[in-house]
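A.B. asks: Could you have a look at this structure, given as structure tokens, before my questions?
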Amino acid sequence: MSRLFKCFLLLILCSIAPVCHAEKIVCHVTGRVDDPGEKEVMLFETFSDVHNGRYTKVPVKQGEFALNIQTSRLKRYYVVLTSEYESGSMRVADFIVEPADVHITIPRATDEGDDVIRISSRGPENTMAMRYIAFRDSLFKAYEPLLRSLAAPPSAAADTSREERQEAPSVKQKYEQINDEMGLKKAEWIASHVCFYSLSRIMNDLSSFAPPRTRERLTEVYYEKFARFMPSHPYHKSILHVAAALQLKPGRKYIDYLVPDERGRDVMLSSLYQGKLIYINLWASWCGSCRRHAKSLIPLYNKYKDRGFQIISFARESRKGAMEEAEERDGYPWKSQAELNDRHQIWLRNGLGDAGGGGYLIDNNGTILAVYPSADELEAILKRRL
């Protein structure tokens, strides 16, 4: 049975599974903020929620805050300082909403590396979260010397030929290899700790830009250990959409789905294909990195648009007009359509979860040629193909 078929089968099973009507869960959350200038914190379940205006703001009074979160099922929540979220540079911590007290400590932001937000709780799921964080931190500490060595400049007396230097893995490739090694070890920790926190980690890590081997192993761990764990929980649906989207690799067919066209009508994405090579650009006005990526494509678009290069662009927004403001500021020569409040679930279908940006280069038959290529990688393909 193919993995893609398993994805769709489990999606169906999750949709028909009986919902467990548990008693209300009340999680008492308290916190301390060391910086007296901070006046508010934000709590939300996913970054998609916060971008769509679904969050709770809690005032900080004399360095402290408190609230009760009520829910019908276990959930994973995030906490950030409102000022840091609005500035785009933020520290984030997560915790599980369960029937227990949770305490959050937010130290003053520094450049010393000891300003992480800390969570403490005696609840079983948050206890597992704290164990995972301790394991993750010990893993990073073990790899830190190797990571630091990659950041150091090469010795001037290095006795290597030009050909040997060209054949050696780049620093970027070495970073990716190390991140994959650490990711695989974290995946094994999750495999050996079957609990709700681990299920939420699978959802989070599959939805982020985890390295390829890590994603593959997390998908295997999900099917082996978690597919029947708390089967009615909605996190399964998100995981299965991402697992299906992980099949989107070069050489395979890109998926087709409903999107908004320039008149606001719902149409199939494939009906918009007009070029020989088509780049599906997924971005957002609030995503700095994907806007920089999109701007790097402007020279390529102008150079190759008359040879058959097409960009179809969608912006993930929660406010009307935000996309247009960003378009005008960045000067994109192609048109974008706003995906308001995840109406068509474009990002979920593409396995991007809470991310802002992503993209696929396809040919006019829908075959994937590259996944989120850089401008240089994209131009190399355009030169060969057009």
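A.B. asks: Quick one: what are the phi-derived ³J(HN,Hα) couplings along the stretch 257-263, Karplus 6.51/-1.76/1.60 with θ = phi - 60°, whole Hz, x for glycine and proline?
C.D. replies: 7, 6, 9, x, 9, 5, 9
A.B. asks: Further question: Once phi is turned into ³J(HN,Hα) by the Karplus curve 6.51 cos²θ - 1.76 cosθ + 1.60 with θ = phi - 60°, what whole-Hz value does each residue of the stretch 67-82 show in order, with x for glycine and proline?
C.D. replies: 6, 10, 9, 10, 7, 9, 8, 4, 9, 9, 10, 10, 10, 9, 6, 4
A.B. asks: Okay, moving on. Out of the DSSP beta bridges found with both residues in the chain, what percent are antiparallel (nearest 5)?
C.D. replies: 70
A.B. asks: Could you do me a favour and compute the accessible area per residue for the chain, 1.4 Å probe, result in Å²?
C.D. replies: 53
A.B. asks: I'm a student and want to see the number: the projected area of the Cα convex hull of the stretch 260-386, averaged over all directions, in nm².
C.D. replies: 7.1
A.B. asks: For the pairs K249/K295; K185/K249; K249/K320; K24/K57; K185/K225, note any where the Cα-Cα span goes beyond 28 Å.
C.D. replies: K249/K320
A.B. asks: Collect residues whose amide H, placed 1.01 Å from N in the peptide plane, falls under 5 Å from the amide H of V41; neighbours closer than 5 in sequence don't count.
C.D. replies: Close amide H contacts, sequence-distant or interchain: V58, V60, T82.
A.B. asks: Keeping all protein chains in place and using 1.4 angstrom, which order do D205, D137 fall into by accessible surface area, from largest down?
C.D. replies: D137, D205
A.B. asks: Go through T367, T82 and list them by solvent-accessible area, largest first, probe radius 1.4 Å.
C.D. replies: Ranking T367, T82 by accessible area, largest first, yields T367, T82.
A.B. asks: Taking the simple approach of a point 7 Å from Cα along Cα-to-Cβ for both K141 and D363, what is their distance in nm?
C.D. replies: Reported label-point gap for K141 and D363 is 5.3 nm.
A.B. asks: Considering only protein heavy atoms and a 1.4 Å probe, what is the carbon-and-sulfur percentage of the accessible area of the chain?
C.D. replies: Taking all protein chains in place, the chain shows 51 percent carbon and sulfur surface.
A.B. asks: Provide the per-residue ³J(HN,Hα) series for the stretch 281-293, in order, calculated from phi with Karplus coefficients 6.51, -1.76, 1.60 and θ = phi - 60°, each as a whole number of Hz, with x at glycine and proline positions.
C.D. replies: 9, 10, 8, 7, 5, 8, 9, x, 5, 6, 6, 5, 4
A.B. asks: Largest first, what is the accessible-area ranking of R291, R329 with a 1.4 Å probe?
C.D. replies: R329, R291
A.B. asks: Would you mind getting me the FRET efficiency between D34 and E224? Use the beta-carbon distance for r and R0 = 56 Å, nearest 0.05.
C.D. replies: 0.85
A.B. asks: Something else about it: Provide the solvent-accessible area of K383, counting protein heavy atoms only and rolling a 1.4 Å probe, rounded to the nearest 10 Å².
C.D. replies: Roughly 130 Å² of K383 is accessible to a 1.4 Å probe.
A.B. asks: Turning to a different aspect of this structure: Run the paramagnetic zone check for V58: 7 angstrom along Cα to Cβ, then residues of the stretch 26-47 with backbone nitrogen under 16 Å.
C.D. replies: Those under the cut-off are 26-35, 38-46.
A.B. asks: Okay, next question. Based on Cβ point charges of +1 for Lys and Arg and -1 for Asp and Glu, what charge dipole magnitude is obtained for the chain about its Cα centre, in debye rounded to the nearest 20?
C.D. replies: With only Lys, Arg, Asp and Glu charged at Cβ, the dipole is about 1060 debye.
A.B. asks: How long is the gain from E328 to K383 if the chain were fully straight, where each residue apart is worth 0.36 nm and the alpha carbon distance is subtracted?
C.D. replies: That works out to 16.9 nm of additional length.
A.B. asks: Also, quick follow-up: Specify the residue with the greatest mean-square fluctuation among G331, G308, G288, computed from a Gaussian network of the chain linking alpha-carbon atoms under 10 Å apart.
C.D. replies: G331
The values are calculated or read from the model by the stated rules, or taken from the named source; none is laboratory data. Just so you know, these numbers come straight off a predicted model, no measurement behind them. Don't worry about glycine lacking a Cβ; one is built from the backbone with ideal geometry, like all the others, and counts go over all protein chains shown. These accessible areas exclude ligands, DNA and RNA; they are computed on the full protein's heavy atoms, side chains included. Shrake-Rupley method; radii C 1.70, N 1.55, O 1.52, S 1.80 Å.
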